[in-house]
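J.: Quick one: structure below, then a few questions.
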């Protein structure tokens, strides 16, 4: 592994040097998400925690997100439709802030935010400083538990000085978690219980992009008995394993990680698109079953049809129709579904599916 350098650390530190409060806005209680076609502007609403824009080129995105309160532009191409906007909204009073490149909103129960930083030629250092900034913010603001994290890493499968960029990203992210000091005295030694539902796919451009949700009470992170926990992957997948769980349940929300055709720790059905789709769906079904079997109960999700939004990442745009047709019977009619062109974290994988159900868990 290459040693960490200080260049990426300086870049992130400079970007986070000045905090600028945004006028607090009052909304009305609970978390909800709306997906709408992009109409050329990002509407300002007082109940918005976070806005994520998909499928708009960098020039337009820069203009829009500079004007919006807490927003992230993901340049990955939308397949089979126009650019879309994901609006995360609260029914509580929302207060929004910016600190350089880091923007976030709070409502007293949850924090939502985003950060874009230069991934450069050293993704390990970039990811370490990126996640240190995020984890530091959560502890500082009193929302120390990630609920869901979405990562977009440029050139995710390419090699950097002999190491795949995704594996370097994993090293940096893990380093940030390992240095964590938590409320109540916990430390990096037991940080595995804090690894949230996450995804990491490729993206155009040069910036590491992250959108995230966090909460102020411990969520429940779930694993899949069909799969090795990602944070226990053997060294063949990199010297430092990924730091995420298969799903996270908290406060009435059910968050599924990016899920692919992996059984145990090995990829399955290389070269078979529909084989990978079927295996991915079996994994999703198993995670849902695991949640239903929790001793404390609390899961209302019975299948993918209960999800409020589904995202499908496809390595090849030409796979869209086959996947959309095969997936349709598994979804509730009218389920908002985003198909995004993106490289997957392993070269042999052709697709990844994630989603959430905001009424999918009983708030306790």
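Read the figures in this text as sums done on the coordinates, not as results from a lab. If you're wondering where the values come from, they're calculated on a predicted model, not measured in any experiment. All Cβ positions, glycine included, derive from the backbone under ideal geometry; neighbour counts span all protein chains shown.
J.: Modelling each spin label as a point 7 Å along the Cα-to-Cβ direction, I'd like the residue 193/residue 36 distance in nm, to one decimal.
T.: Result: 4.1 nm between the two label points.
J.: Now for a different question. Compute the distance from the alpha-carbon center of region 69-86 to that of region 317-345, in whole Å.
T.: What the calculation gives is 16 Å, centre to centre.
J.: Related question: Rg/Rh for region 218-299: what does it come to with C-alpha atoms and Rh from Kirkwood?
T.: Working: Rg = 13.5 Å, Rh = 13.5 Å.
Result: Rg/Rh = 1.00.
J.: Can you pull the one-decimal nm distance between simple spin-label points at residue 178 and residue 206, each 7 Å off the Cα toward Cβ?
T.: 2.9
J.: Rounded, prolate or oblate: which fits region 36-184 when a ≥ b ≥ c are the square roots of the eigenvalues of the alpha-carbon gyration tensor, with rounded for a/c under 1.5 and prolate only if a/b beats b/c?
T.: Working: a/c = 2.26, a/b = 1.13, b/c = 1.99.
Here region 36-184 falls in the oblate category.
J.: Between residue 44 and residue 265, what is 0.36 nm times their sequence separation minus the Cα-Cα distance? Round to one decimal in nm. If you can, show how the numbers build up before the last one.
T.: Values: separation 221, 0.36 × 221 = 79.56 nm, distance 4.37 nm.
Extra length available between residue 44 and residue 265 comes to 75.2 nm.
J.: If you don't mind, there's one more thing I want to ask. By its C-alpha gyration tensor, with a ≥ b ≥ c as the square roots of the eigenvalues, how is region 7-357 shaped: rounded for a/c under 1.5, else prolate for a/b larger than b/c, else oblate? All intermediate terms of the calculation are to be shown ahead of the outcome.
T.: On the way: a/c = 1.22, a/b = 1.15, b/c = 1.06.
Cα axes put region 7-357 in the rounded bin.
J.: With no solvent and one equal point scatterer per Cα, compute the Debye intensity ratio I(q)/I(0) for region 78-125 at 0.29 Å⁻¹ and report its log10, rounded to two decimals.
T.: With no solvent term, the Cα-only Debye profile gives -1.04.
J.: Sort 221, 87 so the one with the fewest other Cβ atoms within 10 Å of its own Cβ comes first.
T.: Numbers: 221 24, 87 19.
Going from sparsest to densest Cβ surroundings: 87, 221.
J.: Using a 10 Å cut-off on Cβ atoms, rank the peptides 328-338, 269-279 from the highest mean neighbour count down.
T.: Values: 328-338: 13.7, 269-279: 16.7.
The most tightly packed comes first, giving 269-279, 328-338.
J.: Order the peptides 319-326, 134-141 from the highest to the lowest mean number of other Cβ atoms within 10 Å of their residues. Display every interim value, and only then the final one.
T.: Details: 319-326: 15.1, 134-141: 17.8.
Most protected by this proxy first, the peptides run 134-141, 319-326.
J.: Let me make sure I get this right: for region 188-345, a, b and c are the square roots of the gyration tensor eigenvalues over alpha carbons, sorted descending. Under 1.5 in a/c it's rounded, otherwise prolate if a/b > b/c, else oblate. Which is it? If you can, show how the numbers build up before the last one.
T.: Values: a/c = 1.43, a/b = 1.15, b/c = 1.25.
Rounded, because the longest to shortest axis ratio a/c is under 1.5.
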